[in-house]
Amino acid sequence: MSDQPSRPLRVGVSANWMHADPERTVYNGRPLLYMEQSMSDWFLAAGALPLMIPAPSPTCEVAITAEQMVGALDALVVAGGADVWPGSYGEGALRPEWEGDRRRDEAEIALIRAALALDVPVLGICRGHQVLNVALGGTLFQDIATQVEGALRHRDAERYAGSIHEVTFLEGGYLHRIYGQVQAFINSVHHQAIKDLAPGLRVTARSTRDSIIEGVQLDDGSDRWVVGVQWHPEFQRPEQVELVPAAPLMNDFLKAARRRASTR
């Protein structure tokens, strides 16, 4: 019997992007891929190894596929970040500032589809929750404030992750099952949201006051672990006891990752 310690779970995290910008002084405006520290800390504290999944530049002659990258993982996180390109779901941008990030969409949709094909658990966070819906054929509100009458303010640039509102976990859904409660409070850092739900997804949470979709799960008759949440569990601090705890979601995600690892 080997006395070597077992390896930690490998959780791939889709990269955040900074495109080339000659006016940016950091790294001389060169294109950057990065992972937020809060995301890294969240998984390291849980005993898992977060690995940023790179995306190729337009000039890169790619010698590795999305399937090969995802196949090396035990689980995949599709992270938050920039707006989704409306063309990803068949629309034009209603305003120039909502053009989103087409290249990132394409890279992440490829990762999601590879994960579904390989039965790798997927957790979509904020933007990732939205991209998951788009990858499966759904659409988005490009801007909640202008497209949803009477909506809450779901993004406050000054308060950022300090912006909080109530959600309702739908009875019988994934979030209701792992938390055992119907009402909860979450952080809110988004101005886009799911409009038309993709085939195969089930709503698990809605904003209590305006019914914006805040959680989804794959419900296509398979037992694949695919979950999206509109909030940022990785942003939560221990003293924020008013928020629904992040641990049950993390623990269940890593449980699914361990099942995946056991089949490798």
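Check whether at least one residue in segment 36-50 is free of Cβ contacts under 8 Å to residues at least 12 places away in the same chain, out of contact with any Leu (no Cβ under 6 Å at 6 or more places or on another chain) and over 25 Å from Pro233 (Cβ atoms), and report yes or no. The answer is no, given that none of the residues of segment 36-50 is free of Cβ contacts under 8 Å to residues at least 12 places away in the same chain, out of contact with any Leu (no Cβ under 6 Å at 6 or more places or on another chain) and over 25 Å from Pro233 (Cβ atoms).
Looking only at segment 191-219, which residues are surrounded by fewer than 23 Cβ atoms within 10 Å (Cβ to Cβ), more than 14 Å from Val131 (Cα to Cα) and in contact with a strand residue (DSSP E or B) (Cβ under 8 Å, 6 or more places away or on another chain)? Hits for segment 191-219 are Gly200, Arg202, Val203, Arg206, Ser207, Thr208, Arg209, Asp219. Against the list (1) within 18 Å of Asp143 (Cα to Cα); (2) basic (Lys, Arg); (3) at pLDDT below 95, the condition Arg159 fails is (1). For segment 71-90, which residues satisfy the criterion of being assigned to a loop (DSSP other than H, G, I, E, B) and over 30 Å from Arg10 (Cα atoms)? Within segment 71-90, just Gly90 meets the criteria. Being touching a Ser or Thr at 6+ places or on another chain (Cβ under 7 Å), surrounded by fewer than 22 Cβ atoms within 10 Å (Cβ to Cβ), among the basic types (Lys, Arg) and not in a loop (DSSP other than H, G, I, E, B) is not true of Arg259.
Here Ser188 meets the list (1) out of contact with any Gly (no Cβ under 7 Å at 6 or more places or on another chain); (2) surrounded by fewer than 20 Cβ atoms within 10 Å (Cβ to Cβ); (3) more than 23 Å from Lys255 (Cβ to Cβ) almost entirely, failing just condition (2). Scanning segment 101-134 for residues that are outside any helix (DSSP H, G or I) and surrounded by fewer than 21 Cβ atoms within 10 Å (Cβ to Cβ) yields Asp101, Asp119. Restricting to segment 8-30, and then to whatever is touching a strand residue (DSSP E or B) at 6+ places or on another chain (Cβ under 8 Å) and part of a loop (DSSP other than H, G, I, E, B), can you tell me which residue is nearest to Val120 (Cα to Cα)? If we take residues in segment 8-30 being touching a strand residue (DSSP E or B) at 6+ places or on another chain (Cβ under 8 Å) and part of a loop (DSSP other than H, G, I, E, B), then Leu9 is nearest to Val120 (Cα to Cα). Take the conditions (1) of a type outside the set (Phe, Trp, Tyr); (2) without any contact (Cβ under 8 Å) to a residue 60 or more places away in the chain; (3) in contact with a helix residue (DSSP H, G or I) (Cβ under 7 Å, 6 or more places away or on another chain); (4) part of a helix (DSSP H, G or I); Ala93 misses just one of them, which is (4). Just one residue in the set Glu214, Glu239, Glu234 is touching a residue at least 60 places away in the same chain (Cβ under 8 Å) and closer than 26 Å to Ala48 by Cα; that residue is Glu234.
Answer yes or no: is there a residue in segment 135-145 that is aromatic (Phe, Trp, Tyr) and either surrounded by fewer than 17 Cβ atoms within 10 Å (Cβ to Cβ) or in a loop (DSSP other than H, G, I, E, B) (or both). Before the answer, list the steps.
Within segment 135-145, the first condition is being aromatic (Phe, Trp, Tyr), and the residues that meet it are 141.
This time we only want the ones that are either surrounded by fewer than 17 Cβ atoms within 10 Å (Cβ to Cβ) or in a loop (DSSP other than H, G, I, E, B) (or both), so: none.
No, segment 135-145 has no match at all.
Of all the criteria given as (1) touching a helix residue (DSSP H, G or I) at 6+ places or on another chain (Cβ under 6 Å); (2) assigned to a loop (DSSP other than H, G, I, E, B), the one not satisfied by His190 is (1).
Residues checked against (1) at pLDDT 95 or above; (2) of a type outside the set (Phe, Trp, Tyr); (3) in contact with a helix residue (DSSP H, G or I) (Cβ under 9 Å, 6 or more places away or on another chain):
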site: His176; (1), (2), (3): yes, yes, no
site: Asp220; (1), (2), (3): no, yes, no
site: Glu239; (1), (2), (3): no, yes, no
site: Asp252; (1), (2), (3): yes, yes, yes
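Taking the condition more than 19 Å from Val77 (Cβ to Cβ) and either touching a helix residue (DSSP H, G or I) at 6+ places or on another chain (Cβ under 6 Å) or surrounded by fewer than 14 Cβ atoms within 10 Å (Cβ to Cβ) (or both), does Pro233 pass? Judged against the criteria, Pro233 is not a match.
The values are calculated or read from the model by the stated rules, or taken from the named source; none is laboratory data. Note that the structure is predicted; figures quoted are calculated from it, not measured. With ideal geometry, Cβ positions are generated from the backbone for all residues, glycine too; neighbour counts draw on all protein chains shown.
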